[in-house]
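The structure under discussion appears below in the form of structure tokens.
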Amino acid sequence: MQPSRRAPARWLAVTAVALAAAGCTPQSVTEQGQAIYNLYNLFMYIAAVVFAVVSGLVIWSVVRYRRRGDELPTQTHGNNRLELTWTVIPTVIVLFLFVATLRAQDKVLDTPGDAQVNVTVTAFQWSYRFTYEGTGAEVLGGPDNIPTMVVPVGQRVRVKLVSADVVHTFYVPQTLFKRQAIPGTVNEFDLTFDKEGIYHGQCTQFCGLQHAQMVYRVEVVSQGRYQSWLAETTRRGSAGQPGT
Amino acid sequence: MATTELPLPALPEAHHEERGGIVDYLTTVDHKKIGILYIVTSFAIFLAGGVLALLVRWELATPGLQVMGENTYNQVFTMHGTLMIFLFAAQVSTGLANYLVPLQIGAADVAFPRANAMSYWLYLFGSLIVLSSFFVSGGPAAVAWTAYAPLSTNQFFQGTGMDLWIIGLAVVGVAGILGAVNLVTTIFRMRMPGMTMFRLPLFTWGVLVNQLLILFAFPPLTVVFALLFLERNFGAHFFDPTTGGSPILYQHIFWFFGHPEVYIIILPIFGIISEVVPVFSRKPLFGYRAMVFAFFGIAALSFGVWAHHMFATGLVYLPYFSIMSLLIAVPTGIKVFNWIGTMWRGSITLSTAMLMALGFILVFLIGGITGIFLASPPIDFAVNDTYYVVAHFHYIMVGGLLYGMFAGFYFWFPKFTGRRLSETLGRWHFITFFLGFNITFFFQFLVGLDGMPRRIADYQIERWTSANVISTVGAFLTGVSVLIFLWNFFRSIRRGEPAGDDPWEGNSLEWVTSSPPPSHNFHHLPEIHSERPAFDYRHRDDPAFAGAHTDPERNLDRG
């Protein structure tokens with residue numbers, strides 16, 4: 001009996017681990033996103049325990065207390081001590097999560113001093129323009145032209161986000177961060193990429209007919225390659241691709 | 001113990017029994033018939049919204065535009081949200097409330113029967129105005145149900161469809177405010193002698209708090225629609241930054257309505273669950289007063305959390321809106337634990353209504369827990385406006401609202417019609433719905449975490465395909481479950497097993513009268529000794545349960 005009873009339990013455990021792994025966000029490729037990734041995992045652990053306890057209690061009561069006869073069960077109306085307990089415990093949990101949230105938030109939104117790279121990102125229907133401040137370099141996207149924002153690895157990139165028409169967002173899934181581009185407002189935030197690569201970016205705020213086409217790329221390159229790309233793009237004064 | 005039959009309240013007007021033709025429904029001021037009209041109309045809108053949802057899922061199953069073009073897709077998902085949120089979710093519970101609240105408080109009708117009829121007809125014609133936008137040139141609005149300015153202004157979105165959308169929804173909003181005045185007055189002023197506030201059934205409490213929320217949340221919605229209409233048609237510049245307007249203003253006013261709207265939708269459902277669980281556990285509701293206070297806790301907090309929809313704007317004070325949103329978990333948790341406390345050591349029957357209630361608790365738990373994630377601004381930065389949010393609020397809206405609504409339908413259908421819905425078909429309905437729903441939305445959490453934005457007609461990223469295919473399969477299974485429900489409904493309304501007046505051994509007053517109730521609701525009313533008048537009435541000759549013994553007001557048998 002024992003092994004056959006354990007086997008389903010093992011499968012259940014494997015499934016649970018797989019689901020928990022699937023429930024994770026992708027690893028972040030920025031310093032700021034790492035704080036979000038850690039915070040998300042903290043929430044996930046606590047959520048898993050809460051879900052297991054509460055759904056376990058529900059299922060247990062249904063199985064254990066099925067109707068077996070006509071006799072009425074004891075007619076209890078409540079229990080002050082119990083009710084106080086399940087008021088206080090969730091309060092403590094959310095206060096703890098709030099403190100963790102504040103600490104992560106400070107790391108995510110921190111914009112200390114001057115950044116090494118300053119990019120003004122202008123979102124418009126339905127693409128982006130990346131203007132590299134103080135260099136004259138500019139990348140302009142359009143229909144059938146997916147723009148690429150080239151940034152150096154390991155350097156603080158300050159994004160100044162504006163919109164030319166309606167509300168859009170700047171969102172690179174692997175940074176775990178997004179911000180709305182709101183007409184009439186300049187939104188500033190920092191991204192420090194710690195891994196080279198090409199990352200998918202996309203507008204997430206519905207912005208009209210071709211919202212689904214409003215994609216871009218962020219290419220994180222070494223600082224040397226970034227400098228040569230910048231020089232090349234500045235010389236041409238318009239959209240350029242990183243040299244190979 | 002003998003029960004004293006109370007004299008009936010004076011009848012508002014002469015009633016003719018046994019009418020029920022179409023003319024009668026067109027002219028009725030009877031709260032029960034108006035309730036039925038609300039339920040039938042909103043359910044028809046739900047079916048239309050459901051078809052639109054299936055179109056969305058069909059298009060998204062694989063990359064590329066197969067079923068429709070971008071513009072059509074944008075119209076379809078906009079109208080899906082509009083129909084479901086504005087014209088179905090907030091209205092179906094108003095229908096149930098119309099039918100049940102006067103019965104539960106021992107009244108012959110609502111406080112203002114004619115205004116009640118007017119609410120319904122405003123709601124119907126408002127909805128028809130919104131739906132008429134399908135037939136104008138350019139078609140319906142394609143700006144998402146939130147209609148953020150400046151996208152929804154005439155500078156970026158022309159066409160009469162958008163104006164019909166605004167006008168229709170404004171009319172429905174006025175209907176809601178009028179209905180709220182009516183139901184709140186009814187609950188405060190029309191209770192029978194002995195029906196104190198703390199003896200009200202939890203469904204009536206849920207309706208009271210939900211209608212109070214409508215009174216405070218719908219006027220801002222009307223305002224923002226008025227501003228948008230002026231901007232579109234009369235050259236106003238409320239939301240145009242180039243002339244001193246503010247796009248963010250739209251988001252603030254909209255969500256000041258929009259978040260309480262979630263609780264407007266869900267509070268009556270909490271009430272339904274709080275009726276169904278005690279009856280099928282054969283125990284009183286655990287922690288009645290805490291449940292009532294939790295309603296008010298949720299309602300109060302719901303007006304302080306609107307900007308958690310705006311964390312990604314970078315223009316709101318994050319810690320305040322974060323802590324307020326997190327705190328909503330506390331009263332909501334009280335509710336869930338008290339339902340478990342009610343079932344604990346009970347005598348549980350797994351009727352379809354109870355299965356739906358249990359389904360509600362489990363999926364709402366997932367919806368609630370993921371809501372905690374979204375209340376944390378850094379996590380919200382990652383998942384806001386992705387399919388994670390879509391999955392989250394469908395776990396609340398479909399999971400919460402639909403499970404609760406179906407629990408209520410199976411529970412009260414015998415009262416409405418005198419017949420039971422088939423329990424066998426009910427089980428099939430439950431199983432297909434539970435599977436279909438979870439298959440549809442669970443995988444949206446995963447693809448959302450992977451960065452798939454919401455409201456896109458197409459995607460090029462191949463690894464999002466598998467989750468989308470699974471989700472589409474689940475959506476069609478959910479569609480099948482609704483067909484099973486419809487079959488059950490049409491079969492049972494004609495040939496269902498006769499139910500008698502009190503098929504479930506109910507607790508609240510509606511189970512004392514006949515099924516369906518007479519036009520003036522009660523031929524006689526029992527004395528009220530507790531929050532379970534029908535229970536007391538059934539056990540009137542049993543010394544163990546007679547009268548005040550079970551009265552929570554006297555706090556007799558609390559542990």
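The values are calculated or read from the model by the stated rules, or taken from the named source; none is laboratory data. Quantities reported herein were computed from a predicted structural model and do not represent experimental measurements. Using ideal geometry, Cβ is built from the backbone for each residue, glycine included, and neighbour counts are taken over all protein chains shown.
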### Message
Could you go through the stretch B:297-315 and let me know if any residue there is under 27 Å from residue B:198 (Cα atoms), aliphatic (A, V, I, L, M), facing chain A (nearest Cβ under 10 Å) and assigned to a helix (DSSP H, G or I).
### Response
no
#### Entry: Among the residues listed as B:249, B:208, the single one being surrounded by 18 or more Cβ atoms within 10 Å (Cβ to Cβ) and either within 24 Å of residue B:113 (Cβ to Cβ) or modelled with pLDDT of 95 or more (or both)
B:208
### Task
Could you grab me the full set of residues in the stretch B:106-119 that are surrounded by fewer than 24 Cβ atoms within 10 Å (Cβ to Cβ) and part of a helix (DSSP H, G or I)?
B:113, B:114, B:115, B:117, B:118
### Message
Being within 8 Å of chain A (Cβ to nearest Cβ), among the hydroxyl-bearing types (Ser, Thr, Tyr) and touching a Gly at 6+ places or on another chain (Cβ under 8 Å): is that true of residue B:352 here?
### Response
no
### Task
Determine whether residue B:127 is part of a helix (DSSP H, G or I), among the polar types (S, T, N, Q) and closer than 22 Å to residue B:218 by Cα.
yes
### Enumeration of residues in the stretch A:92-126 that are facing chain B (nearest Cβ under 10 Å), more than 24 Å from residue A:154 (Cα to Cα) and touching a residue at least 60 places away in the same chain (Cβ under 8 Å)
A:100, A:101, A:125
### Query
Among (1) among the aromatic types (Phe, Trp, Tyr); (2) within 11 Å of chain A (Cβ to nearest Cβ); (3) closer than 12 Å to residue B:377 by Cβ, where does residue B:293 come up short?
(3)
### Query
How about the stretch B:493-547: which of its residues are of a type in the set (Asp, Glu), closer than 18 Å to residue B:203 by Cα and in a loop (DSSP other than H, G, I, E, B)?
B:502, B:505, B:531
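Results for (1) in a loop (DSSP other than H, G, I, E, B); (2) at pLDDT below 95; (3) of a type outside the set (Lys, Arg); (4) assigned by TED's automatic domain parsing to the domain that holds residue A:29, shown as yes or no for each residue.
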{"site": "A:90", "(1), (2), (3), (4)": "no, no, yes, yes"}
{"site": "A:103", "(1), (2), (3), (4)": "no, no, no, yes"}
{"site": "A:160", "(1), (2), (3), (4)": "no, no, no, no"}
{"site": "A:169", "(1), (2), (3), (4)": "no, no, yes, no"}
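So that you can scan it fast, the table gives a plain yes or no per residue for (1) surrounded by 24 or more Cβ atoms within 10 Å (Cβ to Cβ); (2) at pLDDT below 95; (3) part of a loop (DSSP other than H, G, I, E, B):
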| position | (1), (2), (3) |
| --- | --- |
| B:371 | no, no, no |
| B:382 | yes, no, no |
| B:411 | yes, no, no |
| B:431 | no, no, no |
| B:436 | no, no, no |
| B:463 | no, yes, no |
| B:467 | no, yes, no |
### Query
In this structure, does residue A:206 turn out to be buried (at least 22 other Cβ atoms within 10 Å of the Cβ), among the hydrophobic types (A, V, I, L, M, F, W, C) and either assigned to a loop (DSSP other than H, G, I, E, B) or within 7 Å of another protein chain (Cβ to nearest Cβ) (or both)?
yes
#### Entry: Qualifying residue in the stretch A:127-142 (condition: within 13 Å of chain B (Cβ to nearest Cβ) and at pLDDT 95 or above)
no
## Note on the structure
The condition from (1) modelled with pLDDT under 95; (2) part of a helix (DSSP H, G or I); (3) in contact with a helix residue (DSSP H, G or I) (Cβ under 8 Å, 6 or more places away or on another chain) that residue A:57 misses is numbered (1)
### Task
Test residue B:364 against the stated conditions and say whether it is closer than 30 Å to residue B:495 by Cα, touching a helix residue (DSSP H, G or I) at 6+ places or on another chain (Cβ under 8 Å) and within 14 Å of another protein chain (Cβ to nearest Cβ).
no
### Message
Looking for something over 30 Å from residue B:326 (Cβ atoms) and either in contact with a strand residue (DSSP E or B) (Cβ under 8 Å, 6 or more places away or on another chain) or within 14 Å of chain A (Cβ to nearest Cβ) (or both) - is there at least one such residue anywhere in the stretch B:381-392?
### Response
no
### Message
Being at the interface with chain A (Cβ under 7 Å from one of its Cβ atoms), closer than 24 Å to residue A:50 by Cβ, free of Cβ contacts under 8 Å to residues at least 12 places away in the same chain and crowded, with 21+ Cβ neighbours inside 10 Å is the requirement here; does residue B:358 meet it?
### Response
yes
### Query
Can you find a residue in the stretch B:325-341 that is over 21 Å from the mean Cα position of the chain (by Cα), assigned to a loop (DSSP other than H, G, I, E, B) and under 30 Å from residue A:189 (Cα atoms)?
no
### Query
Give me the pairs: first residue in the stretch B:455-468 and within 7 Å of chain A (Cβ to nearest Cβ), second residue of a type in the set (Phe, Trp, Tyr) and surrounded by 13 or more Cβ atoms within 10 Å (Cβ to Cβ), beta-carbon distance under 7 Å, and six or more apart or on different chains, which are they?
B:455/A:206; B:455/B:77; B:457/B:73
## Note on the structure
Those residues of the stretch B:398-439 that are among the aliphatic types (A, V, I, L, M) and within 27 Å of residue A:41 (Cβ to Cβ) come to a total of 1
### Query
more than 7 Å from chain A (Cβ to nearest Cβ) and under 15 Å from residue B:380 (Cα atoms) - does that describe any residue in the stretch B:332-340?
no
### Message
On the basis of being closer than 30 Å to residue A:213 by Cβ and either touching a helix residue (DSSP H, G or I) at 6+ places or on another chain (Cβ under 6 Å) or at pLDDT below 95 (or both), does residue B:49 make the cut?
### Response
yes
#### Entry: Only one of A:185, A:233, A:148, A:204 that is among the β-branched types (Val, Ile, Thr) and under 23 Å from residue A:112 (Cβ atoms)
A:185
### Query
On the given criteria, is residue B:323 under 22 Å from residue B:205 (Cβ atoms), surrounded by fewer than 23 Cβ atoms within 10 Å (Cβ to Cβ), within 10 Å of another protein chain (Cβ to nearest Cβ) and modelled with pLDDT of 95 or more?
no
### Task
Considering each of B:261, B:231 in turn, give the residue that is acidic (Asp, Glu), under 18 Å from residue B:309 (Cβ atoms), out of contact with any strand residue (DSSP E or B) (no Cβ under 7 Å at 6 or more places or on another chain) and in a helix (DSSP H, G or I).
B:261
